[in-house]
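Everything on this sheet refers to the single structure shown next.
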Amino acid sequence: MELECPFCGKRKVKTFHKEGYLQARTSRISAGAKTKHYKTPDTYEVLEDCPHCGAKKKDIQASFEGKYKKKMTHQERLENLKKRGLPLVLGEKKKI
Ligand SMILES: [Zn+2]
């Protein structure tokens with residue numbers, strides 16, 4: 001199946017969709033055995049880089065899974081600091 005690229009939204013990328021399934025787990029407690037069913041979530045495997053914006057398939061996949069963290073450029077970091085009202089010292093190499 002094909003899903004819209006989460007980065008540019010202009011092209012579709014090929015993905016392999018694995019549906020979640022029910023997994024039975026038995027836990028033994030004093031009163032006897034109890035079986036619980038766990039639903040594993042759907043997963044997506046992205047099969048190609050976005051042909052439009054060049055986003056890497058692992059980044060697209062991470063985005064579908066809600067794990068993608070945008071890497072900030074130095075400029076964006078400075079902007080962020082300004083917004084938070086922190087004093088800027090040029091040449092400072094402290095990590096936030
Ligand atoms: Zn894209």
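If we scan region 47-63, do we find a residue that is touching a residue at least 24 places away in the same chain (Cβ under 8 Å), away from the ligand (no atom under 16 Å from the Cβ) and surrounded by 11 or more Cβ atoms within 10 Å (Cβ to Cβ)? Within region 47-63, not a single residue is touching a residue at least 24 places away in the same chain (Cβ under 8 Å), away from the ligand (no atom under 16 Å from the Cβ) and surrounded by 11 or more Cβ atoms within 10 Å (Cβ to Cβ). With respect to the stated conditions, E76 fails to be within 16 Å of the ligand (Cβ to nearest atom), without any contact (Cβ under 8 Å) to a residue 60 or more places away in the chain and more than 16 Å from the chain's Cα centre (by Cα).
Please verify whether H17 is more than 14 Å from the ligand (Cβ to nearest atom), surrounded by 10 or more Cβ atoms within 10 Å (Cβ to Cβ) and modelled with pLDDT of 80 or more, treating the condition exactly as stated. Here the answer is yes, as H17 does meet what is asked. Determine whether K34 is touching a Ser or Thr at 6+ places or on another chain (Cβ under 9 Å) and exposed (fewer than 12 other Cβ atoms within 10 Å of the Cβ). Against the criterion (touching a Ser or Thr at 6+ places or on another chain (Cβ under 9 Å) and exposed (fewer than 12 other Cβ atoms within 10 Å of the Cβ)), K34 qualifies.
Among the residues making up region 20-44, those that are of a type in the set (G, A, S), out of contact with any strand residue (DSSP E or B) (no Cβ under 6 Å at 6 or more places or on another chain) and either part of a loop (DSSP other than H, G, I, E, B) or within 16 Å of the ligand (Cβ to nearest atom) (or both) are S30, A31. Checking region 55-62 against the condition returns no match, with no residue being modelled with pLDDT under 80, part of a loop (DSSP other than H, G, I, E, B) and over 13 Å from the mean Cα position of the chain (by Cα). Of all residues in region 1-19, those being of a type in the set (D, E, K, R) and part of a strand (DSSP E or B) number 5. Checking each residue in region 1-23 for being polar (S, T, N, Q) and closer than 13 Å to K57 by Cβ picks out only T15.
The values are calculated or read from the model by the stated rules, or taken from the named source; none is laboratory data. Note that this is a predicted model, so its numbers are computed, not measured. Reconstructed Cβ throughout: ideal geometry from the backbone, glycine too, with neighbour counts over all protein chains shown.
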